[in-house]
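To start, the structure under review is shown below, and the notes come after it.
The values are calculated or read from the model by the stated rules, or taken from the named source; none is laboratory data. Since the structure is predicted, the reported quantities are computational estimates derived from the model, not experimental observations. Note that each Cβ is placed from the backbone with ideal geometry, even for glycine, and that neighbours are counted across all protein chains shown.
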Amino acid sequence: MNKVLPMTKTENPQLMNITKSQIQAFEGDEFHKRSLELLSEKLVKSGLNVSNLIAKIAAFQIAVPSWALGAGGTRFGRFSIGGEPRNLEEKLEDIGLLAQLTKKTEAVSLHIPWDIPEDYMQIKAKAESLGLKFDAMNSNTFQDYGQKESYKMGSLGNASKSIRDQAIAHNVEVIRIGEKIGSKALTVWLADGSNFPGQAHFRNSLQWTIDSLKKIYREMPSDWKLLLEYKPYEPNFYHTIIPDWGTSSLICRQLGDRAKVLVDLGHHLPNTNIEQIVATLMHQNQLAGFHFNDSKYGDDDLTTGSIKPYQLFLIFCELISGDTDGAQARDSISWMIDASHNVKDPLEDLIQALEAIAIAYAKALLVDRSKLEEAQNSGDVAGAQEILQAAFQTDVRSLVAEARMQSGGAADPLEVYRSLKVRENLIKERGTGSKATGM
């Protein structure tokens, strides 16, 4: 790769003025070209159209959440990285930078009340200038923020009607905010549940939640959808009102056709077969979208693909299979990263995550589905495994890089990010003690 000088003060990343010439200075080298040629030769022999593959990879976009631009934390502490975005405008600028380098994200998902726009027209104009649009809106009833009623014992499923009404009103407010900036979806995740036996009435709290969600659903515009997220535990550890995909699906069916299940890869008990959940939801046209991350033990919120890349590949195999089988079209599904960057530079982490998702998707596109179905129908277990392994073990990085470069992105986004000293420039601009809103 060719090297260029760090950005000057007039080309700082806060202003999103990394130029095309700077990105092109890191264009693919001879090794990339030879790798792509060899891979293309192999894929053509397998009957695949390389140009079509590149086009599909380039078209696949993943939204970035507004809360992912700052340092994360745990209940033990939070360690700032410096140069964090101090407001929504700066968050959009950081996501615009990701879009420039990776060409893999074109939307931002806002979290309310962490990122309420002060000037809606200005924020819309800012996003449009960066080539961004607004994905699903995210409500927050797991924190109080000095409101009249406390969510200590729950929100939409609380025994107190006044508390439930407050939580409903917040979600309606989030919908209204989303309407102003062009969003078309509301994501609801509840921390509601209990820590001890007897603390809550299981059936009552579930029914209160359903009734509350019905009121929220009725307030959505007719072209909106509701994404209902589930989680088996945390912050409550005895019972969670919406602990799994089945409960989420049960509730969504009572709300209406525009309510569907959101799958967060970390929101499962260890060793859960997530790809089977995906297949089942698609079979029932009940899959709303994804929150991408990775985990070793639970809801670790680690970088996507860093722990279980084969699982990620298998999930995409089901997504592509469901789309081609007519189970549920992929363009009806929302895609977003949801991770916590406790020890990494958030922008570097997001670059790695976007790359891992693109690689898993590209590998899944290589699976010979006719041969796989033949092996499945004939009971050829070893043959089916070989077909999947052949795709998974194929090095598709040159294919993903080519798709990115043809779209105007960097051959190696992380190398460009580091070589241009983006984080250092952000620290100079914003300071070492800047803290992202909501963190």
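What the table shows:
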item: Some residue of segment 206-215 being polar (S, T, N, Q), in contact (Cβ under 8 Å) with a residue 12 or more places away in the chain, in contact with a helix residue (DSSP H, G or I) (Cβ under 9 Å, 6 or more places away or on another chain) and over 16 Å from Thr141 (Cα atoms); result: no
item: Odd one out for Gly83, checked against (1) surrounded by 24 or more Cβ atoms within 10 Å (Cβ to Cβ); (2) under 21 Å from Gln122 (Cβ atoms); result: (2)
item: From Phe202, Phe196, residue being under 24 Å from Thr272 (Cβ atoms) and either of a type in the set (A, V, I, L, M, F, W, C) or surrounded by fewer than 17 Cβ atoms within 10 Å (Cβ to Cβ) (or both); result: Phe202
item: Of all residues in segment 215-249 being exposed (fewer than 15 other Cβ atoms within 10 Å of the Cβ) and small (Gly, Ala, Ser), the one that is nearest to Ala169 (Cα to Cα); result: Ser222
item: Cβ-Cβ under 8 Å pairs, at least 6 apart or on other chains, segment 27-43 side within 20 Å of Leu366 (Cα to Cα), far side modelled with pLDDT under 95; result: His32/Ala411; Leu36/Gly28
item: Restricting segment 139-157 to residues that are touching a Lys or Arg at 6+ places or on another chain (Cβ under 9 Å) and touching a residue at least 24 places away in the same chain (Cβ under 8 Å), the residue that is surrounded by the fewest Cβ atoms within 10 Å (Cβ to Cβ); result: Gly154
item: In segment 250-275, the residues that are surrounded by fewer than 20 Cβ atoms within 10 Å (Cβ to Cβ), of a type outside the set (A, V, I, L, M, F, W, C) and more than 19 Å from Ile307 (Cβ to Cβ); result: Arg253, Gln254, Gly256, Asp257, Arg258
item: Subset of segment 269-306 [closer than 22 Å to Phe60 by Cβ and of a type in the set (A, V, I, L, M)]; result: Ile274, Ile277, Val278, Ala279, Leu281, Met282, Leu287, Ala288, Leu302
item: Given (1) in contact (Cβ under 8 Å) with a residue 40 or more places away in the chain; (2) not in a loop (DSSP other than H, G, I, E, B), index of the condition Lys126 fails; result: (1)
item: Output for segment 45-62, where each listed residue is more than 17 Å from the chain's Cα centre (by Cα) and more than 14 Å from Ile359 (Cβ to Cβ); result: Lys45, Ser46, Gly47, Leu48, Asn49, Val50, Ser51, Asn52, Ala55
item: Helices (runs of 4 or more DSSP H) (entirely within segment 329-439) containing at least 3 residues that are in contact (Cβ under 8 Å) with a residue 24 or more places away in the chain and on the phi < 0 side of the Ramachandran plot; result: 346-365, 381-392, 397-406, 413-419, 422-430
item: Flag for Lys104 being of a type in the set (Lys, Arg), farther than 25 Å from Tyr230 by Cβ, assigned to a loop (DSSP other than H, G, I, E, B) and in contact with a helix residue (DSSP H, G or I) (Cβ under 8 Å, 6 or more places away or on another chain); result: yes
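Every residue, every condition in (1) in contact (Cβ under 8 Å) with a residue 12 or more places away in the chain; (2) more than 25 Å from Ile387 (Cβ to Cβ), yes or no:
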residue	(1), (2)
Asp244	yes, yes
Cys252	yes, yes
Ala259	yes, yes
Asn273	no, no
Met282	yes, no
Phe290	yes, no
Lys296	no, yes
Leu312	yes, no
